[in-house]
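Below you'll find the structure, written out as C-alpha cells, and then a few comments.
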Amino acid sequence: ERVFPMMNIRFVAITDNYDSSKKDADLMVAVTNIANDLYAKDISKKVSTAHRRKWTTDEYMCGFAPYGYKLVDGSLFIAEDEVEVIKIIFDKYINTTMGVAAIAAFLNESGYVKKKRQNNTIDGFAASFVKGVIDNPVYCGKLAYGRRKTEKVQGKRNEFHVVKQDEFMVVDGEHEAIISAEE
C-alpha cells in the first residue's frame, strides 16, 4: 500500500470499501487482515471438527486403500490378490527372527510380485514397504488418523515434508481384519 502514495497513485477497492487516500486506510487494512485471519482459523476449526466426527463413525477417509485392501464406495474390502503377502509379512515377522529387510528379500526371492498401485514405481518389495505394513493398525481392523502430518520445512519457501506423529487417533474400523489384534 505504501508504493501507491509514493507514485502518486490512489488505490480504491470498492468491494472492500478501501481508499488509499483516506487517513484511516492503514487502520482499515489492519482490521481487514485480522478479520480474515479469524475467519480462516474458524474455517480450519470447523473442518477439523467435521473430520473428527467422520473418524468416529468408522468411515475410511485416508485416500488410497492400503496394500491388501481395495476401496469400494468408501469402504475397505480385502483384496484377494494381495492379502497373502500381508499374511506372510506378519507370519515371518512374528514367528521367525527375520527383520523387515529379510522379509522383503524373502518375498522377492520367492517369486511374489508386488502389484503396483497409485503412484508406486518400485517393482519389488522393499524393507520400507514391509515396515509400513507392520506399523499400520488397519490390518487388525483399526483405523488410525493423524499418524502423519505435513509440515512446512523451516527456512524454505513452499517446501513441506511429512512428519510422523507420536500421538494419533485409533478407532475400530468396519472393515475385516487380516490379522488378529494380538498379532
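In order along the stretch 76-82, phi translates into HN-Hα couplings of 8, 10, 5, 8, 4, 7, 10 Hz, rounded to whole numbers, per the Karplus curve 6.51 cos²θ - 1.76 cosθ + 1.60 with θ = phi - 60° and x for Gly and Pro. Ordered from longest to shortest, the equivalent ellipsoid semi-axes for the stretch 65-183 are 25, 19, 15 Å, each the square root of 5 times a Cα gyration tensor eigenvalue. Checked against a 28 Å cut-off, the cross-linked pairs Lys45/Lys70; Lys70/Lys92; Lys70/Lys156; Lys116/Lys142; Lys45/Lys114; Lys70/Lys164 give Cα-Cα distances beyond that limit for Lys45/Lys70; Lys70/Lys156; Lys45/Lys114. Give me the angle, in degrees from 0 to 90, between the Cα long axis of helix 83-95 and the longest principal axis of the Cα atoms of the chain, rounded to the nearest 10. On a 0 to 90 degree scale, this one is about 70. Decide, for the stretch 114-157, between rounded, prolate and oblate: order the square roots of the alpha carbon gyration tensor eigenvalues as a ≥ b ≥ c, take rounded if a/c falls under 1.5, and otherwise choose prolate if a/b is larger than b/c, else oblate. Cα axes put the stretch 114-157 in the oblate bin.
Each reported figure results from applying straightforward, stated rules to the coordinates on display, with no laboratory input. What you are looking at is a predicted structure, and each value in this text was computed from that prediction instead of being measured.
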